[in-house]
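Trainee: Below you will find the structure I want to go over with you.
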Amino acid sequence: MEWSTHALTGMVAGYTVTGGDWRGAAVGGIAGVLPDLDEPKSKFGKLFFFIAIPLNSIFGHRTFTHSLLFTSLAGIFIYPFTELWVALSVSAGILAHIAGDMLTGKVKLFYPSAKSVGIAIP
């Protein structure tokens, strides 16, 4: 999927989990593009190459950053520094990204398990 689609679905997810708060939409939209930081060729991977290149070298694309483990860790990591709605919006945005990628291919949803999950729509 395109970064703009991931941002939009993340915005919808963040908006939804915060009960219609525009701030949740903004946080969810940003979080919706985070999983593709594992791809140095992505729009944000190019911008944050110093994160993207090591992530891709260690994990590859659509593995760790496209997993429930990453989603949980991101929410748990950010929660102590913010309010609950922010952590929920981050998690929802990431999950929206993962769900979108599962429609166009497969991801390692249960990383570190090697099993790939997806429902490719032709």
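The values are calculated or read from the model by the stated rules, or taken from the named source; none is laboratory data. For clarity, every value in this text was computed on a predicted model and none was experimentally measured. Positions of Cβ are backbone-derived with ideal geometry, glycine not excepted, and every protein chain shown enters the neighbour counts. Remember, those area values only see protein heavy atoms, side chains included, never the ligands or the DNA or RNA. Shrake-Rupley method; radii C 1.70, N 1.55, O 1.52, S 1.80 Å.
Trainee: Please list, ordered by first then second residue, the pairs with beta carbon atoms under 9 Å, 6 or more apart or interchain, first in the stretch 86-106 and farther than 11 Å from GLY28 by Cβ, second of a type in the set (Ser, Thr, Tyr) and open to solvent by 20 Å² or more (accessible area, probe 1.4 Å).
Mentor: ALA87/TYR79; ALA99/THR9; GLY100/THR5; GLY100/THR9; GLY105/SER116; LYS106/SER116
Trainee: Also, quick follow-up: Those residues that are in a helix (DSSP H, G or I), over 14 Å from the mean Cα position of the chain (by Cα) and hydroxyl-bearing (Ser, Thr, Tyr), I need them from the stretch 66-105; list them, please.
Mentor: TYR79, THR104
Trainee: In the stretch 4-26, what residues are in contact (Cβ under 8 Å) with a residue 40 or more places away in the chain, part of a helix (DSSP H, G or I) and of a type in the set (Ser, Thr, Tyr)?
Mentor: The answer is THR5, THR9, THR16.
Trainee: Now a separate question. Return yes or no: is PRO54 surrounded by fewer than 16 Cβ atoms within 10 Å (Cβ to Cβ) and either at pLDDT below 95 or part of a helix (DSSP H, G or I) (or both)? Before the answer, list the steps.
Mentor: On the way: surrounded by fewer than 16 Cβ atoms within 10 Å (Cβ to Cβ): yes; either at pLDDT below 95 or part of a helix (DSSP H, G or I) (or both): yes.
Here the answer is yes, as PRO54 does meet what is asked.
Trainee: Okay, moving on. Hey, could you check the stretch 27-48 for residues that are in a loop (DSSP other than H, G, I, E, B) and touching a His at 6+ places or on another chain (Cβ under 6 Å) and say which is farthest from GLY10 (Cα to Cα)?
Mentor: Filtering the stretch 27-48 down to residues in a loop (DSSP other than H, G, I, E, B) leaves 32-33, 39-42, 48.
Okay, now just the ones that are also touching a His at 6+ places or on another chain (Cβ under 6 Å), so 32-33, 39.
Values: GLY32: 4, VAL33: 8, GLU39: 18 Å.
Here the residue is GLU39.
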